[in-house]
Structures are given as C-alpha cells and as structure tokens.
Amino acid sequence: MGTVTSIKHFPLAPRGTPWDGDAAETAIRAWTGSENGPTAAYADCFFWHDAAAADEFGSYKLLYCDVLDGEIEAVPRAIFAVAGILDGARGGTTIPQADQDEIKTVVGEWYAKMAVEFDDDSIAAPWARRT
C-alpha cells in the first residue's frame with residue numbers, strides 16, 4: 001500500500017530551473033537529515049512512497065523538489081516529468097492505479113499553481129488538456 005503526498009507549500013523554482021533528479025535526491029537527503037534513512041521532510045519531496053517500506057530510500061518515487069539557495073523548492077521541470085510519467089512516458093510507473101489517480105490530482109494542483117505564478121494559462125497537466 002502506498003502513500004500519496006498531499007500538496008506541500010514549497011515555493012516554486014523559476015520555470016527554467018534545470019532538473020537533475022540524482023543531484024536533487026542527494027541534496028534533499030542532506031537537507032532533510034536523511035543520510036541514514038528517510039525522514040518525514042524527505043517524504044514530503046516525493047509524490048508517493050510505499051508505506052510498507054517507508055524506511056527504505058527505494059520506496060520513494062516521483063521526486064519533484066530540489067535544494068536551491070539553501071531551501072527546498074518545487075521544480076517545474078520535475079513536475080512536468082512526473083506528469084509525463086503518469087501519462088505513460090518512459091514506460092509509466094508501477095505505482096498502483098488508484099494511487100496514480102490521486103497523484104494526478106496533486107500534480108494538477110501544482111499545474112494550477114504554476115499557471116497562476118507564471119501567468120500562463122497554457123500550463124495544464126497532459127490529462128487535463130484532453131478533457
């Protein structure tokens with residue numbers, strides 16, 4: 001059984017901020033004090049984790065944050081990548097479908113936030129554009 005992380009109030013990084021998931025994960029581990037195991041702050045930076053194995057780093061999926069200027073920020077390019085995965089890109093994900101549907105709701109909230117913050121009505125999750 002998985003746990004979907006509700007929307008957190010991290011600030012949004014600038015729209016063009018580069019995304020390097022491996023580097024971000026390393027920075028998030030350090031910033032959240034998760035060197036020896038995931039903390040609650042670490043979990044907040046991912047859209048989903050396997051609740052049955054919450055003490056294992058590999059249980060955390062769909063990272064969307066990085067440490068920028070000493071603070072955790074949500075990175076738009078990471079959110080776009082997560083949306084793509086949820087929409088089947090890169091082979092999709094093995095996260096249970098019910099959880100994927102819930103994650104899509106949270107990702108959609110981030111898209112709405114980006115549309116307002118970047119003053120761009122064209123920003124919409126891939127699945128929202130088809131409806």
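The values are calculated or read from the model by the stated rules, or taken from the named source; none is laboratory data. Quantities reported herein were computed from a predicted structural model and do not represent experimental measurements. As a convention, Cβ positions derive from the backbone with ideal geometry for all residues, glycine included, and neighbour counts pool all protein chains shown. Keep in mind that these areas ignore ligands, DNA and RNA; they rest on the heavy atoms of the full protein, side chains included. Shrake-Rupley method; radii C 1.70, N 1.55, O 1.52, S 1.80 Å.
Values computed for the structure shown
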quantity: Elements of type helices (runs of 4 or more DSSP H) contained in region 38-131, each with 3 or more residues being closer than 20 Å to Glu25 by Cβ; calculated: 40-43, 76-86, 97-117
quantity: Selected residue (criterion: least open to solvent (accessible area, probe 1.4 Å)) from residues of region 22-34 that are not in a loop (DSSP other than H, G, I, E, B) and not hydrophobic (A, V, I, L, M, F, W, C); calculated: Glu25
quantity: Ala98 open to solvent by 20 Å² or more (accessible area, probe 1.4 Å) and within 20 Å of Ala125 (Cβ to Cβ); calculated: yes
quantity: Hits in region 1-14 - residues which are open to solvent by 60 Å² or more (accessible area, probe 1.4 Å) and either of a type in the set (Val, Ile, Thr) or modelled with pLDDT of 95 or more (or both); calculated: Pro11, Pro14
quantity: Extreme residue, surrounded by the most Cβ atoms within 10 Å (Cβ to Cβ), among residues of region 59-77 that are in contact with a Cys (Cβ under 8 Å, 6 or more places away or on another chain) and under 16 Å from His9 (Cβ atoms); calculated: Tyr64
quantity: Check on Trp19, of a type in the set (Phe, Trp, Tyr), open to solvent by 70 Å² or more (accessible area, probe 1.4 Å), modelled with pLDDT of 95 or more and farther than 28 Å from Arg129 by Cβ; calculated: no
